């Protein structure tokens, strides 16, 4: 009997990667390619991943006699199990997560934080700060995913329609983080036909609740609340189209936040992880509300598609 087919995703760090906190790719003669983590203690790596629970193997390049390094790993803002072991001349970091870590998306955003950094000379250059050498990251699911969709064509058409008729963009994100609050400054955002050269997204709230205020320079804020039980409260007075645009933007905030972490030097992983987890819950709630609005609400495509977003006065 043929064993069930398992999809594996392999990220080879010899090639360009989607992430930050990595030095230039290097090649060991006759063996494998790798990148040193650094110069900061936080290195990020994004890759597609199956929904649900999963596992990954990070292949580490070691020196003879070197013990596998101690590395803390976060996935989409959640700390996950990471156990190092030696495999021949290499080290392996076994990473595992439950379904909650991949809830609401198929993009896995890994954060790696080694326990220590060292100073080593770069090839032909001065000293540099490095953590560990990562060669490949192999990702796979550990539970059966959904069956192949019989309505895949409709799904693809829906995504294309949303992208063309109800476009949103988060642009480039800059972060200001603390334990009590956070701000994302989005440059080049878009809500439908309305370009937003600058948009400030302020985050706050206690416990499991999340309060979000979105405001352009000098403009009134749109306030969104995610309650502890998962209920999402949008501001009143929005047209059906503008409500859908806002929901789409909220759903995209976790990825924008992750790319903001790339540019945030010295970001504390624990603080960033807490806000990343809460934004993940916001994105999931926005996705549910978006599905309800598109299936049961008024037609968001009715009316003039060129009309600007109705920002409150």
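Structure values in brief
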item: Among (1) surrounded by fewer than 17 Cβ atoms within 10 Å (Cβ to Cβ); (2) within 21 Å of residue 285 (Cα to Cα); (3) out of contact with any strand residue (DSSP E or B) (no Cβ under 7 Å at 6 or more places or on another chain) - the single one residue 211 does not satisfy; result: (3)
item: Matching option when the condition is surrounded by fewer than 16 Cβ atoms within 10 Å (Cβ to Cβ) and under 26 Å from residue 44 (Cα atoms), among 259, 179, 190; result: 179
item: Any pair with Cβ under 6 angstrom, 6 or more apart, that starts in the stretch 200-217 at a residue that is farther than 21 Å from residue 171 by Cα and ends at one that is surrounded by 17 or more Cβ atoms within 10 Å (Cβ to Cβ); result: 210/226; 210/278; 210/282
item: Checking residue 105 against (1) over 19 Å from the mean Cα position of the chain (by Cα); (2) in a loop (DSSP other than H, G, I, E, B), the condition it does not meet; result: (1)
item: So residue 195, is it closer than 17 Å to residue 311 by Cα, surrounded by fewer than 18 Cβ atoms within 10 Å (Cβ to Cβ) and without any contact (Cβ under 8 Å) to a residue 40 or more places away in the chain; result: yes
item: Residue check for residue 264: modelled with pLDDT of 90 or more, within 20 Å of the chain's Cα centre (by Cα), under 30 Å from residue 98 (Cα atoms) and surrounded by fewer than 20 Cβ atoms within 10 Å (Cβ to Cβ); result: no
item: Residue in the stretch 47-69 that is surrounded by 18 or more Cβ atoms within 10 Å (Cβ to Cβ), in a strand (DSSP E or B), in contact with a helix residue (DSSP H, G or I) (Cβ under 8 Å, 6 or more places away or on another chain) and not assigned by TED's automatic domain parsing to the domain that holds residue 258 present; result: yes
item: Residue in the stretch 110-130 that is in a strand (DSSP E or B), touching a helix residue (DSSP H, G or I) at 6+ places or on another chain (Cβ under 7 Å) and closer than 28 Å to residue 255 by Cα present; result: yes
item: Any hit, the stretch 271-289, residues being part of a loop (DSSP other than H, G, I, E, B), surrounded by 15 or more Cβ atoms within 10 Å (Cβ to Cβ) and on the phi < 0 side of the Ramachandran plot; result: no
item: Selection status of residue 120, closer than 21 Å to residue 41 by Cα and at pLDDT 95 or above; result: no
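The values are calculated or read from the model by the stated rules, or taken from the named source; none is laboratory data. Only a predicted model underlies this, so the values are computations on that prediction, with no experimental measurement involved. Methodologically, a virtual Cβ is constructed for each residue, glycine included, from the backbone with ideal geometry; neighbour enumeration extends over all protein chains shown.
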